[in-house]
Amino acid sequence: MRYMPHTADERQAMLEKIGVGSVDDLFIDIPEKARLNELLDLPLHATEMDVDASMQAYGAQNLSPSVAPSFLGAGAYRHHVPTVVDHLIQRSEFLTAYTPYQPEISQGTLQALFEFQSQVALITGMDVANASMYDGATSCAEAVLMACRVTRRKKALLSGNLHPHYREVTGTTVQFTDFSVTEFDPRLDGEEDFSVKLDKDIACVVVQNPDFFGRLQDFTALSEKCHEVGALLVIVVTEVVSLGAVLSPGEMGADIVVGEGQSIGVPLSFGGPYVGLLATRQKYVRQMPGRLCGETVDQEGKRGFVLTLSTREQHIRREKATSNICTNAGLCSLAFSIHMSLLGETGFTKLAEINHAEAVSLAEALSAIDGVDVVNDTFFNEFTVTLPMPAEEVVEQLAAKGILGGVPVSRLMPNNSEFKNHLLVAATETTRSDDVERFVSALKEIV
Amino acid sequence: MLNNVGRPTQPNAASDAAISQETYTGNKALNLETPLIFEQGVPGRIGVDFKEPKKVKSKLGALAKKSKIGLPDLSEPQVLRHYVRLSRQNYSIDAGFYPLGSCTMKHNPRINEKAARVTGLGDIHPLQPISTVQGALGLIDELAHWLKTITGMPAVAMSPAAGAHGELCGVMAIRSAHAAKGEARVRILVPESAHGTNPATAALCGYKVDAVPARDDGRMDMEAFKAKLGPDVAGVMLTNPNTCGLFEKDVKEIADLIHGVGGYFYCDGANLNAILGKTRPGDLGVDAMHINLHKTFSTPHGGGGPGSGPVVLSDALAPFAPVPFVVEGAEGFYLQENVEGDAESSFGRMKTYHGQMGMFIRALAYMKSHGSDGLRQIAEDAVLNANYIRVGLNDLLHAPFEGVCMHEALFDDSTLKDTGVTTLDIAKAMIDEGYHPMTMYFPLVVHGAMLIEPTESESKDTLDMFIGSMRYLVEKAQSSNDADFFLQAPIHAPRRRLDETGAARKPILRWNAEA
Amino acid sequence: MSLKFTKDHEWIAIEGDVATIGISDYAQEQLGDVVFVEVPDVGADLSKGDELAVVESVKAASEVYAPVSGVVIEVNSELEDAPSKVNEDAFGDGWFAKIRLTDVDEVAELMDDDAYKTYIEGLS
């Protein structure tokens, strides 16, 4: 076996040194009845060539958005990841390092985390960000728990236009705690009236921008209303590229910002691993979940970085921890940070501008089709269209023609008949003119 | 002709006088420093080229951004050099031995990385029509089959994102199972030696943690355990092999006892590596166990993630598994994405999409490479290596528990007593020896614990060198008055010991532009 | 003014019906460098044994429990910027909170200086 170095002679010599007759003597603590004497009913070891072939075969059975025209979004977006990003994250020293608990030999990971936190704080318009979480939805749940700790209140209001999976994950996470969530109904016009429920018992209101349907909204007034009753405003951003073109949550008065960072540097990979973002105001730092990296100096006075405020974490606080999470999205946050470094201010804002322009031009092309209407008055790079027939059927027919034509709203809101004919459509810098032409002509044939 | 313009080809004769170690740049030959990325930007540089955006009428409404963000502008070669320099300040398993107990730092095969980037796997969208992702669902299904076979369990929830997330999944399933029977149980039993995540998880599920002490042989105290059992006990969370590197011999009795009071057995699977192909949790009475794909199945640690923590479940808990999950139907695979139909008892959703697909791909490639024979060899070599270290050191360092260990060897600091040298000092001196330190001060039940997990990846030569190095350090601590040698360590690392107190008292958590 | 102690290493100093509370020198030494102290809200009504404060070092967080019952009337807000005062002057500038006693009899149950000294000698 290519990964294990011992020869039979070496194993024998080691057993003799240990003073046992056979390797099975080392497993005597396993109850005899539960010991396996046969091999597991699985194939024997395989060559690298064969493993490669079997994985390639799995890939070949899927329709790849790298090959097919793709307009999918709903919280995960196809963007171009510069070659440098994947090259760097595969460097041994990043890929195969452990969590940086030994700062003297982990400055690479730590400085990169510090830069990541700084970048996230800047784009969200907040004071501080943590070193990342599992993904956007889990960050959202953690933000609600955090808001409950900060305010010492127990109820959260979730916008109906928050990504349905974010609502579900948040509900699942709090279901056995003292906290509860109240969900509003989704509304295409985004005109939600939180004031009916917003009182001094509410820990936070959670909204999304652009919202699930792609609409943009200014939450400045809502943040003021929240603060009047001592509640926090949590703003969720599922497409971080929008922050290059749109007013930041910090500028609107958000207290906690939650994001899905996948769009920057992280491949779609069928839904994970992604990189959850969580940023907040300085005064709430000690109530923040997740890992944090901080600046300090070493014995010789040289600048260095360490994981800090770790007393918030599970390995010290145990049942009183701010969260049970002990990892961050390590390599994905590194990919995010490298990509963001390559973009810089100039590139990030330009990327956002291109995304918006591609979406506007796609919306014009689609709305020219009879029976297809664009619902949104505002959007960034994703919008909702209505079709004259169920979106699920349209998407299947498009797939049969080799086109990935958007996400039916009904897939995420299966029990809401109001949205049966609604389709979410996204464009990015990867959208090509001939992709749009194929999409439009195929859609014309179907509807 | 005589050529007298050549360069000297032997070192110069040098005097013994001390020379300055300082350099103008702060770099030391191959040790290259790099400022923060924010300190390197020049507005107008760019690291990615774009085509010009189409001219369109903006649909941003009143929300168009007017302010600057403050990101630095750099070129591609600058960014590349920055991160290459950063990377060189990291220790990694590719570069050296990582005897980090409880963390299973093993070889990360590169075929796994290649597989995760295959066209049609690494680039597919989570919400593509199901008909266009049959290969992806088939892959998840095959991985599920391997996990179920390895553990002898009937079901597996794939979506949890890491070990702690898997724990949350398992304990939520337990709470849901009790709720379905109309029971509201309040206590969950957790041994003192447990990972800190166990009590944190139990608390998130509304349970009160009741700690069970350990016996003198490092296993859970069965008498204390029995005394704590009762109708209000929801279950027990036990790591097996446990955090002392020992197999809980009474595991079947523990399972029977907890089932006897109507509770469930949660097994923390962090240490699965030691028992692959040697025993199956399903045969030990386990109801739920998370599997750290980033440990046992070598999806890389990546400097702290991402992980992946599928949870195998017994028949009793399977109905409560979170959505989504893959189901094989007459027309191929489909995804059960909502709490309805087959999933009507599901406790909900844990992640935005379906799970850590990128990690699934790597783990499956790893398992296929090993096969049933290789998986068993992993456990045997991991346990062999740990015991080899145990006998190589236990005349110098005190092992608190007698007998063979599983995949990790545990020592306490009793033989360092009165030397002025602590476990931490030994660990920092190990850095100068070119090793990543072992796990320190965990488990908490052992004073000054040193937990050493070599894994199956390491050769006998590496282990012999490591044992020699540890003996050198411990003997030095015991025999000399040179405490300063240890207090100063590490001296050869990119940084000396860092001021963690200062970092926590006045947290600086981001770069700020000079005012 | 003499101090009274608890087994959890809190000290209190009584003046009239007001008790000043902190942690002992022994406790701060065991904790190591204190990096943060979470003090209670003024006005909090605490029963004996309730969580009064959390004191954090780099590697540990410990709860400080109310040694007696009472209402918090003042907290040491200087600890927010200078938690090191707990290390430097545990019995003085490092105090945590002042509470107005609701049950003066509880004070009698606490250890005096000598009893506490004997107690910590027994711990090492």
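No value in this document is a laboratory result; all are computed from the given coordinates. Keep in mind that what you see is a predicted model, and the values were worked out from it rather than measured. We place every Cβ from the backbone using ideal geometry, glycine too, and count neighbours over all the protein chains shown.
Here are the numbers for this structure:
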{"quantity": "P(r) of the range B:421-488 over all Cα-Cα pairs, binned every 10 Å from zero, in whole percent", "calculated": "20, 51, 27, 2"}
{"quantity": "Where labels lie 7 Å past Cα in the beta-carbon direction, separation of residue B:66 and residue B:10 in nm", "calculated": "7.7"}
{"quantity": "Spatially proximal lysines relative to residue B:148 (Cα-Cα < 16 Å; intrachain offsets below 8 disregarded)", "calculated": "B:278, B:368"}
{"quantity": "Residue mean of other protein chain beta carbons inside 10 Å, C:76-88", "calculated": "1"}
{"quantity": "Nearby aspartates and glutamates by direct alpha-carbon distance to residue C:48 (threshold 17 angstrom, same-chain neighbours under 8 apart not counted)", "calculated": "C:8, C:10, C:17, C:63, C:103, C:105, C:106, C:109"}
{"quantity": "Taking the range C:3-119 and dividing mean pair separation by its residue count, relative contact order in percent (alpha carbons under 8 Å, at least six apart)", "calculated": "32"}
{"quantity": "Reachable aspartates and glutamates from residue A:154, criterion Cα separation under 16 angstrom, eight or more residues apart if same chain", "calculated": "A:142, A:178, A:183, A:199, A:201"}
{"quantity": "Mean Cβ count within 10 Å, highest first, over the residues of peptides B:469-482, B:67-80, A:167-180, A:344-357", "calculated": "A:344-357, A:167-180, B:67-80, B:469-482"}
{"quantity": "Compactness index (Cα Rg / 2.2 N^0.38 Å), the range C:51-124", "calculated": "1.24"}
{"quantity": "Estimated dipole of the range A:19-136 in Debye, rounded to 20 [Cβ of Lys and Arg +1, of Asp and Glu -1, Cα centre]", "calculated": "540"}
{"quantity": "Cα-based radius of gyration of the range B:277-347 once divided by 2.2 N^0.38 Å, which approximates compact folds", "calculated": "1.35"}
{"quantity": "The range B:75-131 versus the range B:292-306: alpha-carbon centroid distance in Å", "calculated": "10"}
{"quantity": "Semi-axis lengths, Å, the range B:121-186, gyration tensor of Cα atoms, sqrt of 5 times eigenvalues", "calculated": "29, 15, 12"}
{"quantity": "Contact order normalised by residue count of the range B:86-193, Cα under 8 Å, 6+ apart, percent", "calculated": "9"}
{"quantity": "Ranked by how many other beta carbons lie within 10 Å on average, peptides B:495-508, B:307-320, A:110-123 from highest", "calculated": "A:110-123, B:307-320, B:495-508"}
{"quantity": "Peptide ranges C:105-116, A:264-275, B:105-116 listed from the most packed, as the mean C-beta count within 10 angstrom indicates", "calculated": "A:264-275, B:105-116, C:105-116"}
{"quantity": "Size of electric dipole in the range A:150-204: Cβ of Lys, Arg +1 and of Asp, Glu -1, about Cα centre, debye, nearest 20", "calculated": "360"}
{"quantity": "Cα-Cα pairs of the range B:267-311 separated by more than 17 Å (percent)", "calculated": "32"}
{"quantity": "Extension gain (nm, one decimal) between residue B:24 and residue B:95, 0.36 nm per residue minus Cα-Cα", "calculated": "22.7 nm"}
{"quantity": "Inter-centroid distance (Cα atoms) of the range A:189-231 relative to the range A:38-54, Å", "calculated": "54"}
{"quantity": "Tail beyond 22 Å, pair distance distribution of the range B:233-362 (Cα, percent)", "calculated": "46"}
{"quantity": "Cβ neighbours within 10 Å from other chains - mean over A:161-172", "calculated": "4"}
{"quantity": "Normalised alpha carbon radius of gyration of chain B [divisor 2.2 N^0.38 Å]", "calculated": "1.15"}
{"quantity": "Separation of alpha-carbon centers, the range A:1-31 and the range B:1-44, rounded to whole Å", "calculated": "49"}
{"quantity": "In nm, spacing of pseudo-spin labels at residue B:467 and residue A:177 (7 Å Cα→C-beta vector)", "calculated": "4.9"}
{"quantity": "Share antiparallel - DSSP beta bridges, chain B, percent rounded to 5", "calculated": "55"}
{"quantity": "Among beta bridges that DSSP assigns inside the protein assembly as shown, antiparallel share in %, nearest 5", "calculated": "70"}
{"quantity": "Solvent-free Debye scattering, log10 I(q)/I(0), computed from the Cα coordinates of the range A:104-177 at q = 0.12 Å⁻¹", "calculated": "-0.44"}
{"quantity": "Relative contact order (%) - the range B:307-379, alpha-carbon pairs under 8 angstrom, separation at least six", "calculated": "29"}
{"quantity": "Links that overshoot a 26 Å alpha carbon limit, given the list B:208/B:252; B:295/B:428; B:66/B:506; A:17/B:295", "calculated": "B:66/B:506; A:17/B:295"}
{"quantity": "For the range B:1-113, diffusion coefficient by Stokes-Einstein and Kirkwood Rh (Cα), 4 °C, 1.567 mPa s, µm²/s", "calculated": "61"}
{"quantity": "Overall Cα dimensions of the range A:391-447, principal axis frame, Å, largest first", "calculated": "35, 25, 15"}
{"quantity": "Solvent-free Debye scattering, log10 I(q)/I(0), computed from the Cα coordinates of the protein assembly as shown at q = 0.05, 0.08, 0.10 Å⁻¹", "calculated": "-0.32, -0.85, -1.34"}
{"quantity": "Point-to-point label distance, residue C:7-residue A:57, nm (Cα→Cβ direction, 7 Å offset)", "calculated": "6.7"}
{"quantity": "For chain A, the Rg and Dmax computed from alpha carbons only, in angstrom", "calculated": "25.1, 82"}
{"quantity": "Calculated on alpha-carbon atoms, Rg and Dmax of the range B:210-266 in Å", "calculated": "10.7, 31"}
{"quantity": "Neighbouring partner chain Cβ atoms per residue of B:374-382, average, 10 Å criterion", "calculated": "5"}
{"quantity": "When each of A:444/B:114; A:444/B:351; B:106/B:226; A:444/B:59 is checked by Cα-Cα distance, pairs over 28 Å", "calculated": "A:444/B:114; A:444/B:351; B:106/B:226"}
